[in-house]
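The values are calculated or read from the model by the stated rules, or taken from the named source; none is laboratory data. Note that this is a predicted model, so its numbers are computed, not measured. Reconstructed Cβ throughout: ideal geometry from the backbone, glycine too, with neighbour counts over all protein chains shown.
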Amino acid sequence: MRYAAIEFCEYTLTWRQTIEKHRVNVGVIDYDITPPDCSTVVTVLYADHNGTRILPITQKSLDNTIDMWRDIKTQQDVIQFYYLPDRSTLRFLCSPSVFASKIIHYELVYAPSVDTEVLPDILYRYHLDSICKGAKSRLFMMQGVEWTNPNLSVYYRTEFERAMKKEKSDRMNDYTRTSTLRIQPISY
């Protein structure tokens, strides 16, 4: 069941937490991201420094656009870019200056870790049935056991994927009936 829960969280980005204050230090570019017990970080959805959004960037993009970016020793009053060299470190492109605000805010997405024995309340309360469908799909696909049933595996996998797509759509609209997609009428 935990593997279905992990896949569900990684796909839907459902399990989120906003970190209101994280202290930053002059000259330091790496900051540990500490997830709740029995979880891992999937991604950072949003970050801001001194009220200004910090934009995500990839190392590949930096390689393609900024020569020698790894050697940059510049300090900035407001941090502009971050990336994740791994799922437990938030790294700024430039370090905070003496004049920089000491606080950043960010929103993280989590998934259960592979060794967890307990799922968070949000998954039990709202998504247990969906996650069970993913677990059933895995169980029915196991080889060499009496309950192997590829047809049921496909059925439950289809239902699991349908549930994940619905949750992702609902989550991306923050569980409102308003869609983020806007279609502008054409004037003639």
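Per this entry, Val26 is counted among residues that are assigned by TED's automatic domain parsing to the domain that holds Leu93, assigned to a loop (DSSP other than H, G, I, E, B) and β-branched (Val, Ile, Thr). When region 45-78 is limited to residues that are under 16 Å from Arg23 (Cα atoms) and in a loop (DSSP other than H, G, I, E, B), the one that is modelled with the highest pLDDT turns out to be Ile54.
Name the strands (runs of 3 or more DSSP E) wholly inside region 79-188 in which the number of residues that are modelled with pLDDT under 95 and surrounded by fewer than 13 Cβ atoms within 10 Å (Cβ to Cβ) is 2 or more. Qualifying strands (runs of 3 or more DSSP E): 81-86.
Considering only region 4-19, I want to know if a residue exists there that is part of a helix (DSSP H, G or I), crowded, with 16+ Cβ neighbours inside 10 Å and either out of contact with any helix residue (DSSP H, G or I) (no Cβ under 9 Å at 6 or more places or on another chain) or modelled with pLDDT under 90 (or both). Yes, that holds for at least one residue.
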